[in-house]
1. Around residue 251, under 13 Å between beta carbons, what's the net of Lys plus Arg minus Asp minus Glu among the other residues?
2. Stretch residue 222-residue 209 to full length: gain in nm at 0.36 nm per residue minus the Cα-Cα span?
3. Once fully extended, how much extra length lies between residue 365 and residue 185, figured as 0.36 nm per residue of separation less the alpha-carbon to alpha-carbon distance?
4. As an exercise, use a Förster radius of 56 Å and the Cβ-Cβ distance of residue 119 and residue 310 to find the FRET efficiency, rounded to the nearest 0.05.
5. How many nm separate the modelled label positions at residue 59 and residue 413, each set 7 Å beyond the Cα in the direction of the Cβ?
6. Could I have the simple spin-label model distance between residue 455 and residue 192, label points 7 Å from Cα toward Cβ, reported in nm to one decimal?
7. Determine ³J(HN,Hα), in whole Hz, for all residues of region 439-448 in sequence, where each value follows from phi through the Karplus function 6.51 cos²θ - 1.76 cosθ + 1.60 and θ = phi - 60°; x replaces Gly and Pro.
8. Given a 1.4 Å probe and every protein chain left where it sits, what share in percent of the accessible area of region 85-216 is carbon and sulfur?
Amino acid sequence: MLHDPNRIYIFDTTLRDGEQVPGSQLTTPEKIIIAEQLQSLGVDIIEAGFPISSPGDFQSVVELSKAIREPIICALTRANKGDIDSAVAALKHAARPRIHTGIGSSDMHIQYKFNSTREKILERAVEAVKYAKQFVEDIEFYAEDAGRADNVYLAQMIEAVIAAGATVVNIPDTNGYCLPETYGAKIRFLKENVKNIDQAVISVHCHNDLGLATANSIAGLQNGAGQIECTINGIGERAGNTSLEEVVMILNTHKGLGYHDKININTKKLYPLSGMVSRMMRMPVQANKAIVGRNAFAHSSGIHQDGVLKHRETYEIMNPEDVGIDQSEIILTARSGRHALKHHLERLGYSMERIDLDQTYQRFLTLADEKKEIKDDDLLQLMGEDIESSIKNGVKINSLQVTCGDQTQPQATVKLSLKGEEHEATAVGNGPVSATIHAIESILGQTNEIKEFNIHSIHGGSDDISKVDMRVIHDDKSYMGYGFSTDIVRASANAYLDAVNKFYELVNQPG
């Protein structure tokens with residue numbers, strides 16, 4: 001691997017370290033689907049698996065090597081010939097293969113995991129790199145538990161493996177122990193004390209046991225690292241790994257760091273890929289997860305909503321569209337203010353010039369106290385239940401009587417309030433809804449085309465509230481109307497009048 005000092009390499013290990021979460025294993029076809037999306041996202045390296053660990057993992061590396069041509073395909077090994085031979089065989093079809101080999105570097109690992117000495121571990125590290133180098137040019141070496149390793153010994157190990165042929169040196173905070181300051185200082189120490197360090201890329205691989213994986217990765221980058229190892233949604237063993245979407249958006253948002261133009265990630269694909277990984281690996285993304293969580297761009301506080309609606313950047317440091325989310329979400333709750341309610345009513349097609357916002361807001365608060373969150377259907381029902389209290393001088397049904405049956409043509413008699421006066425009309429139709437609409441049109445003095453008419457059950461059951469939505473065409477413009485009632489005919493009439501009240505000029509014409 002030729003190191004470009006003008007690049008920050010994104011190494012994705014979702015399919016290897018991320019997949020080590022119990023209950024989240026993927027099939028080979030599933031891994032290929034995710035890998036193709038990682039390739040489209042723009043990652044530089046995909047760690048495809050640990051070939052010696054199982055026949056399934058071996059086969060996954062083989063198939064990913066065939067399917068993925070742009071990113072480097074990396075296979076993990078321990079520092080022994082059997083592991084390396086397995087990785088070489090699995091990578092034989094890869095256009096750009098990399099072997100990722102290594103061994104423990106902390107005294108904790110050397111004594112208790114390997115029952116060995118620093119000198120013998122150093123020999124094994126060098127031998128593994130030299131052996132792998134016979135088959136693959138691009139060799140990454142990991143110094144496991146480097147976060148707790150003695151810096152002088154770690155520097156000696158890194159210098160030796162680079163001399164043996166390592167092109168990338170991975171400095172893992174395997175147990176998520178480090179603080180950003182100490183981890184950054186460790187990277188800086190290597191940068192300043194390993195004489196051949198310019199011959200390899202320093203990579204950071206941080207775990208999240210103390211919630212510091214992303215912070216440590218950025219600290220490593222600021223002190224000389226050129227590659228970040230991470231996973232989609234930060235998944236991985238125990239508390240997980242560095243989150244790919246977090247480090248990428250930190251670099252894009254903090255342009256003053258000077259790294260935003262050194263990465264090659266299409267950030268608009270982050271949110272869709274997050275959802276795909278969550279579904280396929282059966283690992284829900286927590287609602288307050290940075291960047292891709294359900295609430296990452298959602299606002300429920302009235303003060304925050306007002307600020308965002310006036311100027312998005314008052315409470316958002318990123319544009320949701322930049323990560324693949326259509327728009328911020330203004331969540332209506334009892335804490336929401338008039339500005340947020342007005343925003344949602346306008347989005348649903350209501351003209352605020354004719355809405356008594358104060359009255360509607362008070363009715364909204366009453367409903368919001370009963371429910372944790374107000375949805376569109378709740379708002380539409382709120383507006384449709386009591387038109388006269390929310391629409392100034394609007395058209396309102398005072399009464400509706402319908403007769404129909406097998407031997408009787410459907411007939412409807414409607415009394416409407418219009419221009420402050422009550423009007424009555426009777427009409428027939430090919431059904432009770434048709435008759436009701438004809439009677440209303442007779443009073444209004446104009447016929448409008450109904451292009452769509454849909455009936456929905458909100459909760460289910462014979463006594464359920466029905467929701468009707470219809471699209472009404474008036475003067476070549478389309479208006480959506482919504483109506484609610486336990487009676488489908490009344491819900492249909494309410495929906496029609498809801499649309500009528502949105503083109504108010506109809507009921508304001510002379511005569």
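1. Net local charge, residue 251 excluded: -1.
2. 2.5 nm
3. 59.4 nm
4. On the way: r = 66 Å, r/R0 = 1.18.
Once rounded, the FRET efficiency stands at 0.25.
5. 7.6
6. Here the modelled spin labels are 7.8 nm apart.
7. Karplus-based 3J(HN,Hα) across region 439-448 equals 5, 5, 5, 5, 6, 6, x, 7, 9, 10 Hz.
8. With neighbouring chains kept in place, the figure for region 85-216 is 49 percent.
The values are calculated or read from the model by the stated rules, or taken from the named source; none is laboratory data. As the structure is a prediction and not an experimental result, all values here were calculated from the model. Here the Cβ is made from the backbone with ideal geometry for all residues, glycine too, and neighbour counts use every protein chain on show. Side chains included, ligands, DNA and RNA excluded: accessible areas come from the protein's heavy atoms. Shrake-Rupley method; radii C 1.70, N 1.55, O 1.52, S 1.80 Å.
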